[in-house]
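Worksheet for the structure shown next.
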Amino acid sequence: MSDKTYKLQWTTNAKNDLLDIALYIKKDSPNNAKSIYLKIKEKAKSSNFFPMKGRVVPELQKEGITLYREVITAPWKVIYQVDIDTVYIMAIIDSRQNVEDVLLKKIIKINTTKS
């Protein structure tokens with residue numbers, strides 16, 4: 001067992017995902033929105049203790065992409081990438097949606113904002 005500690009870094013994309021989730025839920029239940037926001041943040045934080053414990057994202061793995069892992073706080077998937085000393089939170093995705101479509105839209109959005 002390793003005693004290595006990883007830094008935790010949220011990408012802008014993941015921060016926006018979490019904010020969007022909280023704002024959507026807040027429309028119906030402000031208290032529930034805060035609770036879910038904190039629950040997702042805590043789950044993401046747990047990924048920096050044992051980052052390889054999370055599973056490879058199955059929807060990406062079937063396409064041969066094994067770089068990203070996930071931890072679940074139902075129904076959300078916290079998708080992250082492990083670097084040498086940092087865990088990068090990449091996205092928060094609602095698993096009730098078609099995850100492949102959501103990821104494709106995110107890739108397209110990232111690529112169009114680069115130009």
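No lab work stands behind these numbers, since they all come straight from the coordinates. Because the structure is predicted, anything quoted here is derived from the model rather than measured. Cβ placement follows ideal geometry from the backbone for every residue including glycine, while neighbour counts extend to all protein chains displayed.
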(request) Would you mind telling me which residue in 65, 79, 21 has the biggest mean-square fluctuation in a Gaussian network model of the chain, where springs connect alpha carbons within a distance under 10 angstrom? (result) 65
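With N residues in the chain, what two-decimal value do you get for its Cα radius of gyration over 2.2 N^0.38 Å? Spell out each step's value before the answer.
Details: Rg = 14.4 Å, N = 115, 2.2 N^0.38 = 13.4 Å.
The reported ratio for this selection is 1.08.
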(request) Compare the Cα positions of 25, 13, 102 along the charge dipole of the range 7-114 (+1 at Cβ of Lys, Arg; -1 at Cβ of Asp, Glu; about the Cα centre) and return the one farthest towards the positive end. (result) 25
(message) Could you tell me how far the Cα centroid of the range 77-95 sits from the Cα centroid of the range 1-65, in Å?
(response) 7 Å
(message) Among 46, 29, 95, which one shows the highest mean-square fluctuation when the chain is modelled as a Gaussian network with alpha-carbon springs under 10 Å?
(response) 29
(message) Please compute the modelled spin-label separation between residue 19 and residue 49, points set 7 Å along Cα→Cβ, answer in nm with one decimal.
(response) 2.9 nm
